[in-house]
Amino acid sequence: MTKPSKLTFVGGKPVLVPYDQVERTDNDQAYNQARDANQTKYIKFYHSALWAHKREAIKQRDLELCQRCGMELELVDHIVPSKDDWEDRLNDDNLQGLCNACHRLKTKREWIKHHKGANRYMTITVVCGLPSSGKTTYVRKHQTKHDLIYDYDSLMQSLTGLPSHSKNFDVHDYIILFFEQMLRKLKSEQTFDNVWIIQTYPDERIDSLLSPYHHVNHILIDVDKQTCIDRLNNDKRLNSSLISVFNEFETKNFTNFKRVTE
Ligand SMILES: [Zn+2]
């Protein structure tokens, strides 16, 4: 009986070799070299005095408590893993104290997401426009079933109970904190079909934080000022803080935005 054989690539050519023969292909070599170089980089970093020092500082900042469950802190974790975001490996905002149990859970979730999300292609769309121009309506019309919608005004409303487009500056800080963490997390993820960012004005930080990783679309709901004012008047929603929003809006630059009229 002939020995079973397998098809493999040697020097770029397909050849049949005995099934138990181990061939080092060109691909393996390149892969192994890249892996070794990367591993050396990680090992060096995790053994560095810089990291030891940073870890101690984060432990103290987090009062030796796990930031998820409040039990005793056992390790310092990168919120976005350093293999996905090497730049932010020493950024305080990207570090948190965790207990072992919470860390295991987080790692497991990351693994599942990474493997499930491998075939996804996520689009990020920033939707700007005057108050009452129809930003939310536009997103409702175009969203698909697994989307993330960040809507500044609706967050402000649900966190304060204030009427729409009113602003509480202390709550604003919290929403921005969430926004920055969200952008940081989106860097390494393909979790959603679409991410919609709804806000009145453009925000350069979105582009600087995301553009190396994702394609970002810009949409401006192009409805004239008078129409928006009439709509707000009809709904008895026009107030003095909105007037300053209208004025501020005119100073913004929308050159890289695609204008749509809804
Ligand atoms: Zn914990």
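The values are calculated or read from the model by the stated rules, or taken from the named source; none is laboratory data. The model shown is predicted, which means the values in this text are computed figures rather than measured ones. Reconstructed Cβ throughout: ideal geometry from the backbone, glycine too, with neighbour counts over all protein chains shown. Only protein heavy atoms, including side chains, enter the accessible area calculation; ligands, DNA and RNA are left aside. Shrake-Rupley method; radii C 1.70, N 1.55, O 1.52, S 1.80 Å.
Taking first residues from segment 241-262 that are touching a residue at least 24 places away in the same chain (Cβ under 8 Å) and partners that are assigned to a loop (DSSP other than H, G, I, E, B) and open to solvent by 70 Å² or more (accessible area, probe 1.4 Å), the Cβ contacts under 8 Å between residues at least 6 apart in sequence or on separate chains come to SER241/LYS167. When GLN29 is tested against (1) in a loop (DSSP other than H, G, I, E, B); (2) modelled with pLDDT under 75; (3) not aliphatic (A, V, I, L, M), just one condition goes unmet, and that condition is (1). Scanning segment 68-105 for residues that are within 15 Å of the ligand (Cβ to nearest atom), part of a helix (DSSP H, G or I), in contact (Cβ under 8 Å) with a residue 24 or more places away in the chain and within 20 Å of TYR42 (Cα to Cα) gives a single hit, HIS103.
Within segment 78-101, being touching a helix residue (DSSP H, G or I) at 6+ places or on another chain (Cβ under 8 Å), open to solvent by 10 Å² or more (accessible area, probe 1.4 Å) and acidic (Asp, Glu) holds for ASP84, ASP88, ASP92, ASP93. Per the conditions (1) modelled with pLDDT under 90; (2) within 16 Å of the ligand (Cβ to nearest atom); (3) among the acidic types (Asp, Glu), the sole criterion not satisfied by ASP62 is (1).
Scanning segment 177-200 for residues being crowded, with 17+ Cβ neighbours inside 10 Å and outside any helix (DSSP H, G or I) gives a total of 11.
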